[in-house]
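Taking it in order: structure first as structure tokens, then the write-up.
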Amino acid sequence: MIQVLLILHVLVGAALLGAITHQAFSVARRPTSLGRNFVGRYVGVNSPTFTNVIVLLFAVNVVLGGLLYPRYRVDVRPLLEDMQLRAANGVFETKEHFAAVGLGLLPAYWLFWRTPLALDSAAARKYLTWILTFIVWWNFLAGELLNNIKGLFP
Amino acid sequence: MSRYSQFKVFSIVFGLAYLGLFFYSEVTKVAMFRYYPVLGRFSRAALPLETAGPPILWYSWLLGALVIGGALAAFIPRSWADRVPAGWVWITAFAMVVVIVVYERRWFY
């Protein structure tokens, strides 16, 4: 069961990573700079359509992470302590705090991305998206690092 | 936007409450409750590490932040929530990320 949850956690994380990275790039673009090449098409997506999916994936992944946490606390963390990998412990500590802060941001994030997009919240929409993107990337990479820690630090 | 303006309040208060509860636990070693994965149960009291194993406090910080954020967002008048600048949300979020990074850097030395 725990393996299924872990794989699901990674898959949801990967989907979330793709969706929010798309949105983060698209919110940074200037409307006049759209090209028809790969980059232009990548950033030229209809950003608001990603919002509900991002909120759902983020919330689901926090729940999945919460379900996996007990196993981590009992099996993985003592291993990290035995291997004297303090930094890896720190990576997880920041991951759990970032996940909580990101979870709390979702209602405001959703509000700012509601259509029609309000012009007066354009800056908040952009920076909130970038902060969430940073959190998603950090947490994904931290999860992968911890998941593969034995291979990375034999 | 006014129909959902309280969402801004929730997002700001949730994060601040989470960090407040976390730092309170760090300083006083007190939490609303703990989950003991070895025992598979929650406990309001801190149990001995030798018999109960390591505790998880994260759930209590999340629940506390949810209750505080939800209560404030629900009870604050909508006209007040409307006046909360959109910028406050991302600025407090950014500040919280910085606080977390600064505090947790202790693991990396």
* Structure fact -> Given the candidates B:Ile91, B:Leu19, B:Gly70, the one whose Cα lies deepest towards the positive end of the charge dipole of region B:3-107, counting +1 at each Lys or Arg C-beta and -1 at each Asp or Glu C-beta, is B:Gly70
* What is the helix-to-structure angle for B:6-28, meaning the angle in degrees between its Cα long axis and the longest Cα principal axis of chain B, kept from 0 to 90 and rounded to the nearest 10? -> 30 degrees
* For A:Thr115 and B:Tyr103, FRET efficiency with R0 = 30 Å and r from the beta-carbon atoms, rounded to 0.05? -> 0.20
* To do: Determine the shielding of peptide B:53-63 by partner chains: average, over its residues, the number of Cβ atoms on other chains within 10 angstrom of each Cβ.
  => 4
* Structure fact -> One finds, for A:Thr49 and B:Ala46 with R0 = 41 angstrom and r their Cβ-Cβ distance, a FRET efficiency to the nearest 0.05 of 0.30
* Asked: Helix B:58-75 sits at what angle to the longest principal axis of chain B, using alpha carbons and giving 0 to 90 degrees rounded to 10?
  -> 20 degrees
* Report the semi-axes of the equivalent ellipsoid for region B:3-107 in whole Å, largest first, where each axis is √(5λ) for an eigenvalue λ of the Cα gyration tensor. => 32, 17, 9
* To do: Compute the relative contact order of chain A as a whole-number percentage, counting only Cα pairs closer than 8 Å that sit 6 or more residues apart in sequence.
  => 31 percent
* Asked: Using mean Cβ contacts within 10 Å as the protection proxy, how do A:9-15, B:11-17, A:54-60 order, highest first?
  -> B:11-17, A:54-60, A:9-15
* To do: Take the alpha-carbon centre of region B:3-59, take the same for region B:82-101, and report the distance between them in whole Å.
  => 22 Å
* **the protein assembly as shown - percent of accessible surface contributed by carbon and sulfur, probe 1.4 Å** => 69 percent
* Structure fact -> Rounded to the nearest 100 Å², the accessible area hidden between A and B, summed over both chains at a 1.4 Å probe radius, is 3200 Å²
* To do: Give me the accessible area per residue for the protein assembly as shown, probe 1.4 Å, as a whole number in Å².
  => 52 Å²
* To do: With a/c under 1.5 counting as rounded, go ahead and sort the protein assembly as shown into rounded, prolate or oblate using the C-alpha gyration tensor (a ≥ b ≥ c being the square roots of the eigenvalues; past the cut-off, prolate if a/b is larger than b/c, else oblate).
  => oblate
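The values are calculated or read from the model by the stated rules, or taken from the named source; none is laboratory data. Note that the structure is a prediction, hence the values are computed from the model and not measured. Note that each Cβ is placed from the backbone with ideal geometry, even for glycine, and that neighbours are counted across all protein chains shown. Ligands, DNA and RNA are stripped out before the accessible areas are found, and what is left, the full protein with its side chains, is counted by its heavy atoms. Shrake-Rupley method; radii C 1.70, N 1.55, O 1.52, S 1.80 Å.
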